[in-house]
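The values are calculated or read from the model by the stated rules, or taken from the named source; none is laboratory data. Values in this document were obtained by computation on a predicted structure and should not be read as measured data. Every residue, glycine as well, gets a Cβ built from its backbone with ideal geometry; the counts of neighbours run over all protein chains shown. Side chains are part of the model used for accessible areas, which takes the heavy atoms of the whole protein and leaves out ligands, DNA and RNA. Shrake-Rupley method; radii C 1.70, N 1.55, O 1.52, S 1.80 Å.
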Amino acid sequence: MNVLANSNTNSGTTPSSPACADQMRHDWAVEEIEALFALPFNDLLFHAASVHRRNFDPNRIQISRLLSIKTGKCPEDCKYCPQSAHYDTGLPKEDLLEVETVLAAARAAKESGASRFCMGAAWRGPGKDFDLVLRMVEGVKALGMETCASLGLLNAEQARQLKGAGLDYYNHNIDTSPEHYDEIITTRTFEDRLDTLAHVRDAGMKVCCGGIVGMGEKKDDRARMLQTLANLDKHPESVPINLLIKIPGTPLEGVEDTDPFDFVRTIAVARIVMPESYVRLSAGRQAMSDEMQALCFFAGANSMFCGERLLTAGNPSPDSDRSLFGRLGLKPEGV
Ligand code: SAM
Ligand code: DTB
Ligand code: SF4
């Protein structure tokens with residue numbers, strides 16, 4: 001199979017003037033995606049970079065800022081997560097933050113160059129404090145920022161209420177392949193997650209959905225995870241690819257390290273199968289070299305989280321990110 005059939009050497013085109021539009025496919029066979037993963041690294045990166053520059057300015061990165069609005073004590077058993085009540089990770093637990101505290105953080109994020117503010121809550125899904133979260137969304141939207149929230153499972157009504165409050169994106173990851181899923185989470189199913197994504201779409205919000213690399217999955221699981229995302233009726237507008245942050249106390253703390261090139265391959269394949277989506281280089285950047293991050297950008301990553309903290313885990317300092325952007329000639333989107 002010629003998996004390079006649609007690549008060319010075109011460079012520097014922008015989304016408004018694609019020289020050769022990439023086909024938006026929703027019928028990827030897993031064998032095709034595995035064949036992309038199996039390409040020689042240089043061929044894969046060349047293909048992905050070609051797709052990237054046909055659809056985006058390759059030197060612009062969308063910047064989001066995360067805030068944990070409710071930390072810890074989560075009833076779910078996600079084996080990677082510092083916030084699950086099932087594991088002792090020593091994390092200080094907090095109730096829902098005050099609306100004003102969240103808005104002050106959003107103002108600071110905007111001043112530091114973030115265009116999107118993402119609020120995460122360690123919930124199975126929204127509960128009694130949901131009205132306060134709706135006020136947070138309204139307030140962040142009124143600042144002129146893009147809004148995103150990650151609150152766990154949603155029903156149709158909750159999705160409508162979030163849309164009504166001004167939520168632009170909802171983050172809900174599939175995390176891994178359908179086959180590997182039960183090894184990682186038992187308290188909610190892969191289908192539950194797909195149902196939430198459908199409610200988000202039906203309510204008219206943009207979908208932010210991706211997964212994690214480095215949880216002991218096989219290479220085929222990465223292909224199946226990306227196949228699931230690419231074969232959704234509509235590609236998620238934003239696809240976070242997280243490198244597992246190994247959290248002491250979680251069942252995955254001792255899992256084997258991922259080969260950095262395999263992580264870059266995952267970014268590249270995501271870029272090829274979802275040509276118009278933002279692919280986000282997400283959690284795990286503290287464990288990556290500058291060179292590895294540069295390869296991820298070349299392979300098509302064009303979004304990231306900036307700020308010292310993700311939800312509860314660390315992230316590179318704003319100074320080191322500024323320096324990296326300067327050295328690579330990258331610019332934040334919207335500046
Ligand atoms: N509770 C909500 C949920 O699960 O949808 C929202 C927050 S949850 C922390 C959001 C996502 O963060 C997870 O789906 C997972 O992909 C990612 N994540 C959590 N812990 C991580 C870790 N240790 N390393 C990498 N990614 C992680
Ligand atoms: C996503 O895919 N990654 C972000 C966001 N969506 C909500 C969260 C990463 C969390 C990393 C662990 C922590 O900070 O607690
Ligand atoms: Fe809870 Fe989300 Fe962490 Fe799972 S990933 S334990 S749902 S906070």
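Which numbered condition in (1) crowded, with 22+ Cβ neighbours inside 10 Å; (2) within 15 Å of residue 82 (Cβ to Cβ); (3) without any contact (Cβ under 8 Å) to a residue 60 or more places away in the chain is the only one that residue 245 fails?
All conditions are met except number (3).
Hey, which of the helices (runs of 4 or more DSSP H) in segment 148-230, taking only ones fully inside, have at least 2 residues that are of a type in the set (Asp, Glu) and either more than 13 Å from ligand 2 (Cβ to nearest atom) or without any contact (Cβ under 8 Å) to a residue 40 or more places away in the chain (or both)?
Hits in segment 148-230: 181-184, 190-202, 219-230.
Can you name every residue in segment 95-122 that is surrounded by fewer than 22 Cβ atoms within 10 Å (Cβ to Cβ) and within 13 Å of ligand 3 (Cβ to nearest atom)?
Hit for segment 95-122 is 120, nothing else.
Given the structure, is residue 193 within 15 Å of ligand 3 (Cβ to nearest atom) and more than 23 Å from residue 27 (Cα to Cα)? Let's see the steps before the verdict.
Working: within 15 Å of ligand 3 (Cβ to nearest atom): yes; more than 23 Å from residue 27 (Cα to Cα): no.
Answer is no for this residue.
Suppose we filter 260, 275, 240, 236 for residues that are open to solvent by 10 Å² or more (accessible area, probe 1.4 Å) and at negative phi; which single one remains? Working first, answer last.
Numbers: 275 fails: open to solvent by 10 Å² or more (accessible area, probe 1.4 Å); 240 fails: open to solvent by 10 Å² or more (accessible area, probe 1.4 Å); 236 fails: open to solvent by 10 Å² or more (accessible area, probe 1.4 Å).
Sole residue among the options that is open to solvent by 10 Å² or more (accessible area, probe 1.4 Å) and at negative phi: 260.
Take residue 92 and decide whether it is surrounded by fewer than 17 Cβ atoms within 10 Å (Cβ to Cβ), within 13 Å of ligand 2 (Cβ to nearest atom) and either more than 14 Å from residue 132 (Cβ to Cβ) or at pLDDT 95 or above (or both). So that I can check it myself, show each step before the final result.
On the way: surrounded by fewer than 17 Cβ atoms within 10 Å (Cβ to Cβ): yes; within 13 Å of ligand 2 (Cβ to nearest atom): yes; either more than 14 Å from residue 132 (Cβ to Cβ) or at pLDDT 95 or above (or both): yes.
Judged against the criteria, residue 92 is a match.
If residue 82 meets every condition in (1) farther than 30 Å from residue 298 by Cα; (2) away from ligand 2 (no atom under 16 Å from the Cβ) apart from one, which number is that one?
Every listed condition holds for residue 82 apart from (2).
Looking for something within 16 Å of ligand 3 (Cβ to nearest atom) and closer than 22 Å to residue 291 by Cα - is there at least one such residue anywhere in segment 259-273? Reasoning before the result, please.
Step one: list which residues in segment 259-273 are within 16 Å of ligand 3 (Cβ to nearest atom), which gives none.
Checked against the condition, which is being within 16 Å of ligand 3 (Cβ to nearest atom) and closer than 22 Å to residue 291 by Cα, segment 259-273 yields no hits at all.
Of (1) open to solvent by 30 Å² or more (accessible area, probe 1.4 Å); (2) modelled with pLDDT of 95 or more; (3) farther than 27 Å from residue 150 by Cα, residue 23 satisfies all except one. Which?
Result: residue 23 passes all but (2).
Just to be sure before I move on: is residue 305 modelled with pLDDT under 95, within 16 Å of ligand 2 (Cβ to nearest atom) and not hydroxyl-bearing (Ser, Thr, Tyr) in the structure I sent?
Numbers: modelled with pLDDT under 95: yes; within 16 Å of ligand 2 (Cβ to nearest atom): yes; not hydroxyl-bearing (Ser, Thr, Tyr): yes.
Yes, satisfied.
Residue by residue through segment 82-125, note down the ones that are in contact with a Pro (Cβ under 8 Å, 6 or more places away or on another chain), more than 14 Å from ligand 1 (Cβ to nearest atom) and of a type in the set (Ser, Thr, Tyr).
112, 115
Looking at residue 81, is it in a loop (DSSP other than H, G, I, E, B) and at pLDDT 95 or above?
Numbers: in a loop (DSSP other than H, G, I, E, B): yes; at pLDDT 95 or above: yes.
Spelling it out, residue 81 is indeed in a loop (DSSP other than H, G, I, E, B) and at pLDDT 95 or above.
Report yes if residue 89 is among the β-branched types (Val, Ile, Thr) and part of a loop (DSSP other than H, G, I, E, B), otherwise no. It would help to see each step written out before you state the result.
On the way: among the β-branched types (Val, Ile, Thr): yes; part of a loop (DSSP other than H, G, I, E, B): yes.
Considered against the rule, which asks whether it is among the β-branched types (Val, Ile, Thr) and part of a loop (DSSP other than H, G, I, E, B), residue 89 comes out as yes.
Condition check ((1) buried (at least 19 other Cβ atoms within 10 Å of the Cβ); (2) within 16 Å of ligand 3 (Cβ to nearest atom); (3) within 23 Å of residue 114 (Cα to Cα)) across all residues:
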position	(1), (2), (3)
137	yes, no, yes
151	yes, yes, yes
156	no, no, no
172	yes, yes, yes
185	yes, yes, no
217	yes, no, no
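In segment 49-89, which residues are more than 18 Å from the chain's Cα centre (by Cα), among the small types (Gly, Ala, Ser) and either closer than 30 Å to residue 23 by Cα or open to solvent by 10 Å² or more (accessible area, probe 1.4 Å) (or both)?
Once the filter is applied, which keeps residues that are more than 18 Å from the chain's Cα centre (by Cα), among the small types (Gly, Ala, Ser) and either closer than 30 Å to residue 23 by Cα or open to solvent by 10 Å² or more (accessible area, probe 1.4 Å) (or both), segment 49-89 yields 49, 50, 85.
Taking segment 88-110, which residues are more than 30 Å from residue 332 (Cα to Cα) and touching a helix residue (DSSP H, G or I) at 6+ places or on another chain (Cβ under 8 Å)?
Selection gives 96 alone.
Residues in segment 173-180: is at least one among the acidic types (Asp, Glu) and within 22 Å of residue 91 (Cβ to Cβ)? Spell out how you get there, then give the answer.
We begin by selecting, within segment 173-180, every residue among the acidic types (Asp, Glu); these are 175, 179.
Still in the list and also within 22 Å of residue 91 (Cβ to Cβ): 175.
Among the residues of segment 173-180, at least one is among the acidic types (Asp, Glu) and within 22 Å of residue 91 (Cβ to Cβ), which makes the answer yes.
Going by what's in this entry, would residue 322 be described as of a type in the set (D, E, K, R), out of contact with any Cys (no Cβ under 6 Å at 6 or more places or on another chain) and surrounded by 17 or more Cβ atoms within 10 Å (Cβ to Cβ)? Spell out the reasoning first.
Values: of a type in the set (D, E, K, R): yes; out of contact with any Cys (no Cβ under 6 Å at 6 or more places or on another chain): yes; surrounded by 17 or more Cβ atoms within 10 Å (Cβ to Cβ): no.
No.
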